[in-house]
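Taking it in order: structure first as structure tokens, then the write-up.
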Amino acid sequence: MFVCAGNNETFPFATPIGVGLIESAINLSRMALFDKPEFLIFVGSAGSYGKYKPFDIVESSIAANIELAFWEKKAYTPIDNVIEAYSDQKVSRETNVVVNSSNYISTDFELVQHYRKHHIELENMEFFSVLKVSQEFSIPVHGIFVVTNYCDENAHKTFIKNHEEAKMKLMQYVVAKYKELRK
């Protein structure tokens, strides 16, 4: 089953689950309880901490939930804040990109370099909750992302400018990769 965030980020082959960590966790849990999918593929946009450029397509099965305050030693967490989900999509551990999730979009490019120092390269609001729910319900999961912007002071403006083209590129990539979607 393909899932996506929703609102202005939908795809004809994916079921919207909600925007941000909370909506996506609630709605995906509801789906898992009433009609558990055999496999989940989350598709969506992501901001880059610098390694990837707009319109790059990146796949992952590792997510983090680390707030910027953590890097400034102004916050801590007692929970496991990096998780890797089971996936049969053959993404090698060396090339598997860690995607950070938060209900906030990072806009300080210098500060987000702390993520890069820890091999975290992308930001997507929902992916951590998707992995956490899939882990709870033993559902294999994988994520496919298109980069829309860098996480800098122009993040929102660049996201708006690139979003439609990025969605088209992601849709073309996914349809080419998964033959069953071409029907």
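The values are calculated or read from the model by the stated rules, or taken from the named source; none is laboratory data. The shown structure was predicted, so the numbers you read here are calculated from the model rather than taken from an experiment. Backbone-built Cβ (ideal geometry, glycine too); neighbour counts: all protein chains shown.
Quick check: is even one residue across the stretch 56-68 assigned to a loop (DSSP other than H, G, I, E, B) and either more than 27 Å from E164 (Cα to Cα) or without any contact (Cβ under 8 Å) to a residue 24 or more places away in the chain (or both)?
The first filter runs over the stretch 56-68 and keeps only residues assigned to a loop (DSSP other than H, G, I, E, B), leaving 56, 61, 65-67.
If we keep only those that are either more than 27 Å from E164 (Cα to Cα) or without any contact (Cβ under 8 Å) to a residue 24 or more places away in the chain (or both) as well, we get 66-67.
For the stretch 56-68, residues assigned to a loop (DSSP other than H, G, I, E, B) and either more than 27 Å from E164 (Cα to Cα) or without any contact (Cβ under 8 Å) to a residue 24 or more places away in the chain (or both): present.
Would you confirm whether or not the stretch 103-126 contains a residue that is among the polar types (S, T, N, Q) and without any contact (Cβ under 8 Å) to a residue 24 or more places away in the chain? Write out each step before concluding.
Taking the stretch 103-126 first, the residues among the polar types (S, T, N, Q) are 103, 106-107, 113, 124.
From what is left, the residues that are without any contact (Cβ under 8 Å) to a residue 24 or more places away in the chain are none.
The answer is no; no qualifying residue exists.
What residue, among those in the stretch 1-35 that are hydrophobic (A, V, I, L, M, F, W, C) and assigned to a strand (DSSP E or B), is nearest to the chain's Cα centre (by Cα)? Quick ask: steps written out before the conclusion?
Of the stretch 1-35, the ones hydrophobic (A, V, I, L, M, F, W, C) are 1-5, 11, 13-14, 17, 19, 21-22, 25-26, 28, 31-34.
Retained after the next criterion (residues that are assigned to a strand (DSSP E or B)): 2-4.
Values: F2: 13, V3: 11, C4: 9 Å.
Residue satisfying both the conditions and the ranking: C4.
Among the residues of the stretch 95-114, which ones are under 18 Å from the mean Cα position of the chain (by Cα) and either polar (S, T, N, Q) or in a loop (DSSP other than H, G, I, E, B) (or both)?
Step one: filter the stretch 95-114 for residues under 18 Å from the mean Cα position of the chain (by Cα), giving 95-107, 112.
Correct list: T95, N96, V97, N100, S101, S102, N103, Y104, I105, S106, T107, V112.
Among the numbered criteria (1) outside any helix (DSSP H, G or I); (2) farther than 23 Å from Y104 by Cβ; (3) not basic (K, R), which one does M171 miss?
(1) is the only condition that M171 fails.
For (1) charged (D, E, K, R); (2) under 25 Å from N149 (Cβ atoms); (3) surrounded by 20 or more Cβ atoms within 10 Å (Cβ to Cβ); (4) in contact (Cβ under 8 Å) with a residue 60 or more places away in the chain, each residue gets a yes or a no:
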{"site": "V3", "(1), (2), (3), (4)": "no, yes, yes, yes"}
{"site": "F13", "(1), (2), (3), (4)": "no, yes, no, yes"}
{"site": "G20", "(1), (2), (3), (4)": "no, yes, no, yes"}
{"site": "S29", "(1), (2), (3), (4)": "no, no, no, yes"}
{"site": "V43", "(1), (2), (3), (4)": "no, yes, yes, yes"}
{"site": "E84", "(1), (2), (3), (4)": "yes, no, no, no"}
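Looking at K157, K90, K73 in this structure, which one is at negative phi and either at pLDDT below 95 or not hydroxyl-bearing (S, T, Y) (or both)?
Working: K90 fails: at negative phi; K73 fails: at negative phi.
After ruling out the rest, the residue left standing is K157.
Can you name the residue in the stretch 98-124 that is among the hydrophobic types (A, V, I, L, M, F, W, C) and in contact with a Leu (Cβ under 6 Å, 6 or more places away or on another chain) and, of all such residues, is modelled with the lowest pLDDT?
Step by step, filter the stretch 98-124, then rank; the result is L111.
Yes/no matrix, rows are residues, columns are (1) in a strand (DSSP E or B); (2) basic (K, R); (3) under 21 Å from V19 (Cβ atoms):
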| position | (1), (2), (3) |
| --- | --- |
| P37 | no, no, yes |
| F42 | yes, no, yes |
| G47 | yes, no, yes |
| K73 | no, yes, no |
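In the stretch 130-146, how many residues are surrounded by 24 or more Cβ atoms within 10 Å (Cβ to Cβ) and under 11 Å from the mean Cα position of the chain (by Cα)?
5
Checking G44 against (1) farther than 19 Å from V141 by Cβ; (2) under 13 Å from the mean Cα position of the chain (by Cα), which single condition isn't satisfied?
Evaluating G44 over (1) farther than 19 Å from V141 by Cβ; (2) under 13 Å from the mean Cα position of the chain (by Cα) leaves (1) as the failure.
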